[in-house]
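Chemist: Submitted below is the structure of interest, expressed as structure tokens.
The values are calculated or read from the model by the stated rules, or taken from the named source; none is laboratory data. What you see is a predicted model; the values in this text were computed from it and never measured. Neighbour counts are summed over all protein chains in view; Cβ atoms, including those assigned to glycine, are modelled from backbone coordinates with ideal geometry. These accessible areas exclude ligands, DNA and RNA; they are computed on the full protein's heavy atoms, side chains included. Shrake-Rupley method; radii C 1.70, N 1.55, O 1.52, S 1.80 Å.
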Amino acid sequence: MDYFPVFLSVVYVIRNHEKHLEGILKNATMQLAPLVSDYELIVIDNASDDQSLIILKELANQTGLPNLQVYALTKEVDNGTASWVGLENSLGDFIAVIDPLTDDISFLPQMLDKAASGVEVVFARNTQKSRQNFLYEAAHTVFNGFYKVFSGVHLEKEAPQYRMLSKRVVNFILQHPQPAITYRHLPATGGFTRSNMEYCSPPLAPQAKRIGESIDRGIRLLISTTGAPMRLVTVLSLFGAAANLVYSLYVVAIGIFKTNVAPGWVSLSLQQSGMFFLISLVLLVLGEYMLHMTSLSNEGPLYHVGQEFTSVRMTRRGKLNVEEVTSSQFPSPEMAAKQLVQ
């Protein structure tokens, strides 16, 4: 394994991982200690309701793991927001975000090799992921397709969750008003040098994802990072105007060329139903957009850290601006006296 003289931060987001938690963190420590000169292991507890937090406190004591930082959230948030908690509290030259149940930390040296060579954003995608139900897979495919059309980025393939960012990229994201949201896509669209890598590793444990939360997160991301909703409104409005114009021309043509015009009950009904359908779609999109903007302006912080603690043992070397001076550099009292006499 190559050795890198850098300070590396690794962010783990966990929720109810008590069965695997101790093994995950011990394995991470074993992987990181010989890999880099300094490291910190940042664990975000996403409001676990099992014994995960108790295990983390035990691992942070005198006999536990070194360089461990734990941030316990008071309520559950989406994975991207929880990951950002770790990113904005990191100190490393490079920051890696890893899903402990899906991503393989043993692939980290290959990513770090890319980052050390000057690549500012390194993405890694595990081609062997946990299987989800058909409804979730279908919704996931549709969302990625829509997002690709409107933003030019296929999130699953071009901006997966497993990533390594330089500190410069994190500082850039911090300048945005909603960094916890833009963090998901911005590294792939911000103009940074990036590399997309793939590997194949079986997940540590199956992870069932909830489709309701995923749809809500997808709509939030789509509205916050693209102009797709308002673009859809304008397209529907333009189509409605064009349809009305075409229908008006049709009515005029019928009036000119037809002598025995039947009562226009059918045509009128079709016109009304079609227009009301378009208006309903426009109002639906506008309503969703306004609802989201209202929630952004009224809600408080996206997360709140309820507890924060670090390992008792820290292997990180203190970097102080103090020059170490040996005793040989100072004259003895006798020599000092002679110099004063002279």
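Chemist: Filter the strands (runs of 3 or more DSSP E) completely within the range 94-202 down to those with at least 2 residues that are on the phi < 0 side of the Ramachandran plot and of a type in the set (S, T, N, Q).
Modeler: On the way: elements: 94-98, 121-126, 163-166, 194-199.
Those strands (runs of 3 or more DSSP E) span 194-199.
Chemist: Return yes when ALA159 is at pLDDT 80 or above, aliphatic (A, V, I, L, M), touching a strand residue (DSSP E or B) at 6+ places or on another chain (Cβ under 9 Å) and open to solvent by 40 Å² or more (accessible area, probe 1.4 Å) and no when it is not. Explain how you work it out, then say what you get.
Modeler: Numbers: at pLDDT 80 or above: yes; aliphatic (A, V, I, L, M): yes; touching a strand residue (DSSP E or B) at 6+ places or on another chain (Cβ under 9 Å): yes; open to solvent by 40 Å² or more (accessible area, probe 1.4 Å): no.
Answer is no for this residue.
Chemist: Based on this model, can you work out whether TYR162 counts as in contact (Cβ under 8 Å) with a residue 40 or more places away in the chain and under 22 Å from TRP84 (Cα atoms)?
Modeler: Working: in contact (Cβ under 8 Å) with a residue 40 or more places away in the chain: yes; under 22 Å from TRP84 (Cα atoms): yes.
For TYR162, the condition - in contact (Cβ under 8 Å) with a residue 40 or more places away in the chain and under 22 Å from TRP84 (Cα atoms) - is met.
Chemist: Right, next: Keeping to the range 62-114, report how many residues are more than 16 Å from GLU40 (Cβ to Cβ) and of a type in the set (Gly, Ala, Ser).
Modeler: 4
Chemist: Related question: Can you report the number of residues in the range 33-47 which are within 10 Å of ALA82 (Cα to Cα) and of a type in the set (D, E, K, R)?
Modeler: The number of residues fulfilling the criteria is 1.
Chemist: Pairs, please: C-beta under 8 Å, at least 6 apart or cross-chain, first residue part of a helix (DSSP H, G or I) and in the range 234-260, second open to solvent by 60 Å² or more (accessible area, probe 1.4 Å)?
Modeler: GLY240/ILE279; ILE254/VAL261; GLY255/VAL261
Chemist: Find all pairs meeting these conditions: Cβ atoms under 8 angstrom apart; at least six residues apart or on different chains; first residue within the range 103-121 and in contact (Cβ under 8 Å) with a residue 60 or more places away in the chain and within 12 Å of ASN196 (Cα to Cα); second residue assigned to a loop (DSSP other than H, G, I, E, B) and hydrophobic (A, V, I, L, M, F, W, C).
Modeler: If the second residue must be assigned to a loop (DSSP other than H, G, I, E, B) and hydrophobic (A, V, I, L, M, F, W, C), the pairs left are GLU120/PHE192; VAL121/PHE192.
Chemist: What number of residues within the range 41-81 satisfy the criterion of being touching a helix residue (DSSP H, G or I) at 6+ places or on another chain (Cβ under 9 Å), more than 26 Å from LEU155 (Cβ to Cβ) and part of a helix (DSSP H, G or I)?
Modeler: 5
Chemist: Mind listing whichever residues of the range 159-183 are within 18 Å of ASP104 (Cβ to Cβ) and charged (D, E, K, R)? Steps first, answer last, please.
Modeler: Keep residues of the range 159-183 that are within 18 Å of ASP104 (Cβ to Cβ), which gives 160-164.
Scanning the range 159-183 gives a single hit, ARG163.
Chemist: SER52 passes all but one of (1) open to solvent by less than 10 Å² (accessible area, probe 1.4 Å); (2) within 18 Å of the chain's Cα centre (by Cα); (3) closer than 17 Å to ARG15 by Cβ; which number fails?
Modeler: Just one mismatch for SER52, condition (2).
Chemist: Related question: Could you run through the range 147-179 and say how many residues are of a type in the set (A, V, I, L, M, F, W, C) and under 19 Å from SER9 (Cβ atoms)?
Modeler: So the first thing to find is which residues in the range 147-179 are of a type in the set (A, V, I, L, M, F, W, C), and the list is 149-150, 153, 155, 159, 164-165, 169-170, 172-174.
Okay, now just the ones that are also under 19 Å from SER9 (Cβ atoms), so 164-165, 169-170, 172-174.
Result for the range 147-179: 7.
Chemist: Between VAL119, VAL142, which is hydrophobic (A, V, I, L, M, F, W, C), exposed (fewer than 13 other Cβ atoms within 10 Å of the Cβ) and farther than 20 Å from ILE44 by Cβ?
Modeler: Values: VAL119 fails: exposed (fewer than 13 other Cβ atoms within 10 Å of the Cβ).
VAL142 is the lone residue from the list that is hydrophobic (A, V, I, L, M, F, W, C), exposed (fewer than 13 other Cβ atoms within 10 Å of the Cβ) and farther than 20 Å from ILE44 by Cβ.
Chemist: Take the residues in the range 1-27 that are in a helix (DSSP H, G or I) and either under 20 Å from VAL170 (Cβ atoms) or not hydrophobic (A, V, I, L, M, F, W, C) (or both); name whichever of them is least open to solvent (accessible area, probe 1.4 Å).
Modeler: Within the range 1-27, the subset in a helix (DSSP H, G or I) is 21-27.
From what's left, either under 20 Å from VAL170 (Cβ atoms) or not hydrophobic (A, V, I, L, M, F, W, C) (or both): 22-23, 26-27.
On the way: GLU22: 84, GLY23: 48, LYS26: 90, ASN27: 66 Å².
Of everything passing the filter in the range 1-27, GLY23 is least open to solvent (accessible area, probe 1.4 Å).
Chemist: Pairs only if they're at least six apart or on different chains, beta carbon under 8 angstrom, first in the range 186-209 and open to solvent by 30 Å² or more (accessible area, probe 1.4 Å), second of a type in the set (A, V, I, L, M) and assigned to a loop (DSSP other than H, G, I, E, B); list them, first residue then second.
Modeler: THR189/VAL153; THR193/VAL119; ARG194/VAL119; PRO203/LEU101; LEU204/LEU101; GLN207/LEU101
Chemist: Suppose the filter is of a type outside the set (S, T, N, Q) and within 15 Å of the chain's Cα centre (by Cα); does ILE211 pass it?
Modeler: Values: of a type outside the set (S, T, N, Q): yes; within 15 Å of the chain's Cα centre (by Cα): no.
Against the criterion (of a type outside the set (S, T, N, Q) and within 15 Å of the chain's Cα centre (by Cα)), ILE211 does not qualify.
Each row is one residue, and each column tells you yes or no for (1) in contact with a His (Cβ under 8 Å, 6 or more places away or on another chain); (2) crowded, with 16+ Cβ neighbours inside 10 Å.
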residue: ALA124; (1), (2): no, yes
residue: TYR136; (1), (2): no, yes
residue: PHE146; (1), (2): no, no
residue: SER151; (1), (2): yes, yes
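Chemist: A further question on this structure: Does ILE254 fit the bill of being more than 22 Å from TYR183 (Cβ to Cβ) and at pLDDT 65 or above? Walk me through how you get there before you give the answer.
Modeler: On the way: more than 22 Å from TYR183 (Cβ to Cβ): yes; at pLDDT 65 or above: yes.
When the stated conditions are applied, ILE254 passes them.
Chemist: Conditions: (1) open to solvent by 20 Å² or more (accessible area, probe 1.4 Å); (2) out of contact with any helix residue (DSSP H, G or I) (no Cβ under 9 Å at 6 or more places or on another chain); (3) under 25 Å from PRO187 (Cα atoms); (4) in contact (Cβ under 8 Å) with a residue 60 or more places away in the chain. ASP38 meets all but one. Number of the miss?
Modeler: Just one mismatch for ASP38, condition (1).
Chemist: Could you list, in sequence order, the residues of the range 136-148 that are aliphatic (A, V, I, L, M) and in contact (Cβ under 8 Å) with a residue 40 or more places away in the chain?
Modeler: Restricting attention to the range 136-148, the residues satisfying the condition of being aliphatic (A, V, I, L, M) are 138-139, 142.
Once the filter is applied, which keeps residues that are aliphatic (A, V, I, L, M) and in contact (Cβ under 8 Å) with a residue 40 or more places away in the chain, the range 136-148 yields only ALA139.
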